[in-house]
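Let me begin by presenting the structure, written as structure tokens, before commenting on it.
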Amino acid sequence: MRWWRFWWQTFLQSTLDHPVQCVDLVLSISAVGWLAVWLIEQQWPYLVLGSSYAVGLATTTLVREAIAPSPHAQVVRASALLLLIISICSFVDVAHYL
């Protein structure tokens, strides 16, 4: 039980110290989770939900890099743009199902 308390306090402190990274972590875990469910179920609502989280993650990353560039800004921007393009292509693929 002590280990869980330590983990929880560490998580809360990390969230307070780095709120933007916490939001990015939640968005990326949600996107990966829903896209994994889509791979198993093959139903388009899961693809839309996972892609929506991926678009949100890419958008927050691009905005954060525009405001305060990191040392690896080009790599981060390229990754975010690639994620955004792939997500938009998945929305086009969903439109094909409808």
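The values are calculated or read from the model by the stated rules, or taken from the named source; none is laboratory data. Every value quoted in this text rests on a predicted model; they were computed, and no experiment measured them. Cβ: placed from backbone, ideal geometry, glycine included. Neighbour counts: every protein chain shown. The accessibility values were calculated without ligands, DNA or RNA, using every heavy atom of the protein model including side chains. Shrake-Rupley method; radii C 1.70, N 1.55, O 1.52, S 1.80 Å.
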Checklist outcome for this item: When region 1-35 is checked residue by residue, the ones that are touching a residue at least 12 places away in the same chain (Cβ under 8 Å) and not polar (S, T, N, Q) are Val20, Val23, Asp24, Leu27, Ala31, Val32, Gly33, Trp34, Leu35
Checklist outcome for this item: With criteria (1) of a type in the set (S, T, N, Q); (2) over 13 Å from the mean Cα position of the chain (by Cα); (3) open to solvent by less than 70 Å² (accessible area, probe 1.4 Å), Ser52 comes up short on (2)
Checklist entry - Quick one: is Val76 touching an Asp or Glu at 6+ places or on another chain (Cβ under 6 Å), among the β-branched types (Val, Ile, Thr) and more than 23 Å from Phe11 (Cα to Cα)? => result yes
Next on the checklist: Give all pairs with beta carbons closer than 9 Å in which a residue from region 66-94 that is within 17 Å of Trp34 (Cα to Cα) meets a residue that is of a type outside the set (A, V, I, L, M) and open to solvent by 60 Å² or more (accessible area, probe 1.4 Å); count only pairs at least 6 apart in sequence or on separate chains.
Outcome noted: Leu84/Thr59; Ser87/Tyr53; Asp93/Trp44; Val94/Trp44; Val94/Pro45
Next on the checklist: Filter region 9-36 down to the residues that are of a type in the set (A, V, I, L, M), more than 22 Å from Ala80 (Cβ to Cβ) and either open to solvent by less than 80 Å² (accessible area, probe 1.4 Å) or in contact with a Ser or Thr (Cβ under 9 Å, 6 or more places away or on another chain) (or both) and list them by number.
Outcome noted: Leu12
Next on the checklist: Checking the conditions here, which among Ile40, Ile86 is touching a helix residue (DSSP H, G or I) at 6+ places or on another chain (Cβ under 8 Å), farther than 20 Å from Cys22 by Cβ and surrounded by fewer than 16 Cβ atoms within 10 Å (Cβ to Cβ)?
Outcome noted: Ile86
